[in-house]
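The values are calculated or read from the model by the stated rules, or taken from the named source; none is laboratory data. The model shown is predicted, which means the values in this text are computed figures rather than measured ones. As a convention, Cβ positions derive from the backbone with ideal geometry for all residues, glycine included, and neighbour counts pool all protein chains shown. SASA here: full protein model, heavy atoms, side chains in, ligands and nucleic acids out. Shrake-Rupley method; radii C 1.70, N 1.55, O 1.52, S 1.80 Å.
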Amino acid sequence: LSLKLLHSRLHARHYVGHPVFPGSLLLVKPALFLLLISSLLALAKCSTTDPGILPRSRRVQGAPTPLFPILHDFTVRGVKRRLKFCGTCRIYRPQRAAHCPDCDNCVLDMDHHCPWLGTCIGRRNYRFFLLFLAATTSLCVFVPVTCAIAIQRDKEERGGGSIFDMSNMPRYLVEMLLIVYCFCLVWSVGVLLC
């Protein structure tokens, strides 16, 4: 939606051949398109990739669970290790694996269950999750900066004025809404990168 709105506003005002910055916005549309496509591809890849779900025990679901110790200690090359037993999956989980109550599975290196993606973030899809966050944050920074430049250039063409002068607010309603929306979104998405 923001790509379509920004495209129509930039195209309607002919900013490509602006005398102050000749050809500077020629790369805006491809850059915006590249960020949007990379964000959507990372979203699709992250949500469809297996996060590292551990297979359940092959026991019959209705069979009574034998009494296993909750913790299992063993030694590998002189280092003591401890595995926890998951009663739902009926397996001893490796270290850093956790049971997700939303997915009802044990996941390797589970970070969290993401409700926006509808899946857990684990060992196998963590890099796609970080790519999704980086592309979305970049998009949320790029769109308001481009809108601010478009507003400033339009004000310069009409006789000056600052971008912070709100006397022509109705004229720039779409751009201002995009700036506010992306500002709010960058804090909710960008903070996850930290």
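Could you calculate the contour length gain from residue 70 to residue 57, that is, 0.36 nm times the residue separation minus the distance between their Cα atoms, to one decimal place in nm?
Details: separation 13, 0.36 × 13 = 4.68 nm, distance 1.56 nm.
Contour length minus Cα-Cα distance gives 3.1 nm.
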Got a sec? Which residues in segment 111-133 would a label at residue 193 touch, if it sits 7 Å along Cα→Cβ and we count backbone N under 18 Å?
-> 126-133
When the chain is fully extended, how far beyond the present Cα-Cα distance does residue 173 get from residue 102, taking 0.36 nm per residue of separation?
-> 21.5 nm
How much accessible surface does residue 179 have with a 1.4 Å probe, in Å² rounded to 10?
-> 40 Å²
